[in-house]
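Peer 1: For reference, the structure I am asking about is given below.
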Amino acid sequence: MRQIIIILALLLTASCNPYAAAWRTTGAVREAGTLVDKAIAEAAYAAQKRCVSKHGKDTGPYVDCVKGSGEWKALNQWRDKARPAINSALVATVTALTIAEHAKDKKFSWQLFLEIVKPAACGIARAVEQWKGFFGSKAQAIMIGVQAVKGLVCK
Amino acid sequence: MSDDETNVGGVIGSIGALLAAAAMAIQRATAEVEKLKKDLQEQPTIDGSASDKAHEDIGAGLKDPE
């Protein structure tokens, strides 16, 4: 009987930990971002291959072809703007979660968490929306990670 | 021991086994979250190695065309 009470107490403690869901959600958002990174790299390589087959390598038209491609522009935009912004938001989310979890007040506000994780998750959603033409079927798989953020509304 | 006592013992035993299995599953899930938390705290950002490499590889061929 005592063992059952201990197990029940364990179950109760575990089920009352809302931070677990928040950590999982943050992990899913980071994973979705990593998938975007891979998809954008693959798209850029595909554009390069297309330009090589059309113009040969290391020629002026080849350079113009790559530089003028939407995939190369997307790769640069992703690395220069979108990715750093998403990374900043992810760092802020992880920091806020760590601080909140260590605080004596164990109250957890899912609404507040959504506000903190929103810039990262919506940044990824925007990237997928903007470059879905380059991602093909991968776009849907990436969005599953972002959709893990239940209740999130991106404008 | 009567049949009723045996049945009650069996039911309690089954509940105990179910609870123990659930507790083990929760323990595993908790360990996974702890691992994820540690991983996120050490590396909170996106793994950007794929796009960095693509930029380096493709960019190298864009500098001095023949």
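The values are calculated or read from the model by the stated rules, or taken from the named source; none is laboratory data. As the structure is a prediction and not an experimental result, all values here were calculated from the model. Here the Cβ is made from the backbone with ideal geometry for all residues, glycine too, and neighbour counts use every protein chain on show.
Peer 1: Among the residues of the range A:33-49, is any among the β-branched types (Val, Ile, Thr), under 23 Å from residue B:41 (Cβ atoms) and either over 13 Å from the mean Cα position of the chain (by Cα) or in a helix (DSSP H, G or I) (or both)? It would help to see each step written out before you state the result.
Peer 2: Here is the first cut: in the range A:33-49, the residues among the β-branched types (Val, Ile, Thr) are A:34, A:36, A:40.
Subsequent filtering for residues that are under 23 Å from residue B:41 (Cβ atoms) retains A:34, A:36.
Next, only the ones that are either over 13 Å from the mean Cα position of the chain (by Cα) or in a helix (DSSP H, G or I) (or both) stay: A:34, A:36.
Looking through the range A:33-49, at least one residue is among the β-branched types (Val, Ile, Thr), under 23 Å from residue B:41 (Cβ atoms) and either over 13 Å from the mean Cα position of the chain (by Cα) or in a helix (DSSP H, G or I) (or both).
Per-residue answers, yes or no, for (1) over 30 Å from residue A:42 (Cα atoms); (2) within 7 Å of chain A (Cβ to nearest Cβ); (3) assigned to a helix (DSSP H, G or I):
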{"position": "B:17", "(1), (2), (3)": "yes, no, yes"}
{"position": "B:33", "(1), (2), (3)": "yes, yes, yes"}
{"position": "B:39", "(1), (2), (3)": "no, no, yes"}
{"position": "B:45", "(1), (2), (3)": "no, yes, no"}
{"position": "B:56", "(1), (2), (3)": "no, no, yes"}
{"position": "B:62", "(1), (2), (3)": "no, yes, no"}
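Peer 1: Among (1) crowded, with 18+ Cβ neighbours inside 10 Å; (2) under 14 Å from residue A:34 (Cα atoms), where does residue A:144 come up short?
Peer 2: (1)
Peer 1: Turning to a different aspect of this structure: I'd like the full set of residues that are of a type in the set (Asp, Glu), more than 9 Å from every other protein chain (Cβ to nearest Cβ) and over 17 Å from the mean Cα position of the chain (by Cα), limited to the range A:75-109. Walk me through how you get there before you give the answer.
Peer 2: Narrowing the range A:75-109 to residues of a type in the set (Asp, Glu): A:80, A:101, A:105.
Next, from what is left, pick out any that are more than 9 Å from every other protein chain (Cβ to nearest Cβ): A:80, A:105.
Within the range A:75-109, just A:105 meets the criteria.
Peer 1: Look through A:150, A:132 and report the one residue that is out of contact with any Cys (no Cβ under 9 Å at 6 or more places or on another chain), at pLDDT 90 or above and basic (Lys, Arg). Step through it out loud before you land on a result.
Peer 2: Values: A:150 fails: at pLDDT 90 or above.
The unique qualifying residue is A:132.
Peer 1: Can I ask one more? Which residue, of B:50, B:23, is in a helix (DSSP H, G or I), facing another protein chain (nearest Cβ under 7 Å) and in contact with a Leu (Cβ under 7 Å, 6 or more places away or on another chain)? Quick ask: steps written out before the conclusion?
Peer 2: Numbers: B:50 fails: in contact with a Leu (Cβ under 7 Å, 6 or more places away or on another chain).
Only one candidate passes the filter, namely B:23.
Peer 1: Among the residues of the range A:54-86, what is the count of those that are in contact (Cβ under 8 Å) with a residue 24 or more places away in the chain and touching a Pro at 6+ places or on another chain (Cβ under 8 Å)?
Peer 2: Qualifying residue count for the region: 2.
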